[in-house]
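A.B. asks: Pasting a structure below so you can have a look.
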Amino acid sequence: MAWSRPLGGTVAGQPLVIGTTVIAATELDDVYGLDRSTGAVLWKTRVGTPIPIGDQPCGNLNPLGITSTPVYDPQTKLVYVVAQNGRTGHLLAGLTLSGRIAVRSEVPAPDHEPFYDQQRGALALTNGRVYVVFGGHYGDCGPYVGTVVGMPAAGTGRIVDYVVPTAKQGGIWGSGGPVVGPDGTIYVSVGNGATASTHFDGSDSVTALSPQLKRTGIFAPADWRMLSDDDLDLGSMSPALLSDGQILQVGKSGVGYLLSAAHLGGVGGQLAQGPVCAAFGGAAVSGTMVYVPCYPAGLAAVDTAGNAVRVRWRGPSAAWGSPVLGGGAVWVADWNSGTLYELSPATGAVRHRIGLGGSLPHFVSPALSGNLALVGTLTGVTAIAGV
């Protein structure tokens, strides 16, 4: 353990490393700049007003502040976060690397139900916009509908949005957030929709959107209605985009679907499918291999070569976090015990493990920088040093 820095609140998203500064955002709506080498606090900025669980319609985050992973724009040199701001507000803030708020914009609620909307998925940035996704609170209470909002990174300009065409729910909540393709297409995974729907309503899908958030393609399993009826979100994991132009999508049902990113195929239009696991969070990709965060089965290495879906190995059964790749290894955390694992990408064999001193946020995902693995915790950030 290189250092551990208490910050007073949960760091649910990945820390960002920009130069020698670690950016960490907490559920108290505080954003911190930390020294990468020592963890010393360089600055702290309060962005919004977090709300306690008693003031939320339902949920499991107490308080609710900044939950998603921020994004950095090298053009504006700003770090963007989205903060809960009171009972119905969602605030996009762009901060300089010295902690000054340079952009501050209210994020609208295209479903007109901001009290029931929760922002959990990581932010994405392309074409001068920050893309913000919304689902519901844990428990799926209230009349929310899943949405994507494209906010101008400069703070001024046209706001665009996409609303899942279902009567209710269809949350876009996978912690990995939207995935941006090489041509600027934005891919999101969508959860269960209105159970009374008799015609396909855009839920339980992988949806392709233009930068202006016009739908350009969609995929849904043939049994999408059953998935909605049984709360088996296809959107519990963010899409895994491969370099060969394919997408692997795995949801709560445990089935992995291999798709063409260019032609998602509509209902039942997958290239291949196979059993994987119930998946939650964000996957890591290397070549044709996708490292899928499984709950409660542990990490699964899925090979998509030859237009197939095959599980090659499974990691430690309790390592349920969202994995990352770097330094010739797969890094994944067990959020219950607070253990970080370093695994062989080829076999899943455990090379190292280290306890981080307590439980971790759900869907926790390390950030890698040089010889450090940085992990958000329930109280701050911990850095693990390798040799």
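The values are calculated or read from the model by the stated rules, or taken from the named source; none is laboratory data. This one's a predicted model, so the numbers in the text were calculated from it and none came from an experiment. Counting neighbours? That spans all protein chains shown, and the Cβs are built from the backbone with ideal geometry, glycine included.
A.B. asks: How about the stretch 205-225: which of its residues are within 22 Å of the chain's Cα centre (by Cα) and of a type in the set (A, V, I, L, M)?
C.D. replies: The answer is VAL206, ALA208, LEU209, LEU213, ILE218, ALA220.
A.B. asks: Which one is farthest from the chain's Cα centre (by Cα), of the residues in the stretch 190-204 that are at pLDDT below 95 and aliphatic (A, V, I, L, M)?
C.D. replies: Step by step, filter the stretch 190-204, then rank; the result is ALA196.
A.B. asks: Polar (S, T, N, Q) and either in contact with a Lys or Arg (Cβ under 8 Å, 6 or more places away or on another chain) or on the phi > 0 side of the Ramachandran plot (or both), is that true of THR88?
C.D. replies: no
A.B. asks: Then there's this: Kindly state which strands (runs of 3 or more DSSP E) lie completely within the stretch 308-387 and contain at least 3 residues that are under 18 Å from the mean Cα position of the chain (by Cα), at negative phi and not polar (S, T, N, Q).
C.D. replies: Hits in the stretch 308-387: 329-334, 372-376.
A.B. asks: Among the residues of the stretch 174-193 satisfying the criterion of being of a type in the set (Gly, Ala, Ser) and touching a helix residue (DSSP H, G or I) at 6+ places or on another chain (Cβ under 7 Å), which is farthest from SER322 (Cα to Cα)?
C.D. replies: GLY193
A.B. asks: Return yes or no: is ALA261 within 20 Å of the chain's Cα centre (by Cα) and closer than 30 Å to PRO152 by Cα?
C.D. replies: Judged against the criteria, ALA261 is a match.
A.B. asks: Please work out which one of (1) over 26 Å from ALA167 (Cβ atoms); (2) buried (at least 19 other Cβ atoms within 10 Å of the Cβ) is the condition GLN270 fails and give its number.
C.D. replies: Of the numbered conditions (1) over 26 Å from ALA167 (Cβ atoms); (2) buried (at least 19 other Cβ atoms within 10 Å of the Cβ), the odd one out for GLN270 is (1).
A.B. asks: Considering only residues of the stretch 212-262 that are in contact with a Lys or Arg (Cβ under 7 Å, 6 or more places away or on another chain) and not aliphatic (A, V, I, L, M), which is nearest to TYR131 (Cα to Cα)?
C.D. replies: Going residue by residue through the stretch 212-262, those that are in contact with a Lys or Arg (Cβ under 7 Å, 6 or more places away or on another chain) are 232-233, 236.
Then keep just the ones that are not aliphatic (A, V, I, L, M); that gives 233, 236.
On the way: ASP233: 21, SER236: 18 Å.
Among them, the one singled out is SER236.
A.B. asks: Select the strands (runs of 3 or more DSSP E) contained entirely in the stretch 94-141, then report the ones holding at least 3 residues which are buried (at least 22 other Cβ atoms within 10 Å of the Cβ) and either touching a strand residue (DSSP E or B) at 6+ places or on another chain (Cβ under 9 Å) or acidic (Asp, Glu) (or both).
C.D. replies: Here the list reads 129-136.
A.B. asks: Follow-up question, since we're still on this one. What residue, of GLY176, GLY155, is under 25 Å from ALA278 (Cα atoms) and of a type outside the set (Asp, Glu)?
C.D. replies: The match here is GLY176.
A.B. asks: Check THR21, THR10 and return the single one that is of a type in the set (Val, Ile, Thr), buried (at least 22 other Cβ atoms within 10 Å of the Cβ), within 16 Å of THR69 (Cα to Cα) and in contact with a Gly (Cβ under 9 Å, 6 or more places away or on another chain).
C.D. replies: THR10
A.B. asks: Give me a count of the residues in the stretch 202-220 that are surrounded by 23 or more Cβ atoms within 10 Å (Cβ to Cβ) and not aliphatic (A, V, I, L, M).
C.D. replies: 5
A.B. asks: Next question. From the list SER369, SER344, SER337, SER365, exactly one residue is in contact (Cβ under 8 Å) with a residue 12 or more places away in the chain, surrounded by 24 or more Cβ atoms within 10 Å (Cβ to Cβ) and not β-branched (Val, Ile, Thr). Which is it? Step through it out loud before you land on a result.
C.D. replies: Working: SER369 fails: surrounded by 24 or more Cβ atoms within 10 Å (Cβ to Cβ); SER344 fails: surrounded by 24 or more Cβ atoms within 10 Å (Cβ to Cβ); SER337 fails: surrounded by 24 or more Cβ atoms within 10 Å (Cβ to Cβ).
Criteria check complete, one pass: SER365.
A.B. asks: What number of residues in the stretch 257-302 are more than 25 Å from SER317 (Cα to Cα) and either free of Cβ contacts under 8 Å to residues at least 60 places away in the same chain or in a loop (DSSP other than H, G, I, E, B) (or both)?
C.D. replies: Selection size over the stretch 257-302: 13.
A.B. asks: Does any residue of the stretch 46-60 turn out to be assigned to a strand (DSSP E or B), touching a strand residue (DSSP E or B) at 6+ places or on another chain (Cβ under 8 Å) and either without any contact (Cβ under 8 Å) to a residue 24 or more places away in the chain or under 24 Å from ILE384 (Cβ atoms) (or both)?
C.D. replies: The answer is yes; a qualifying residue exists.
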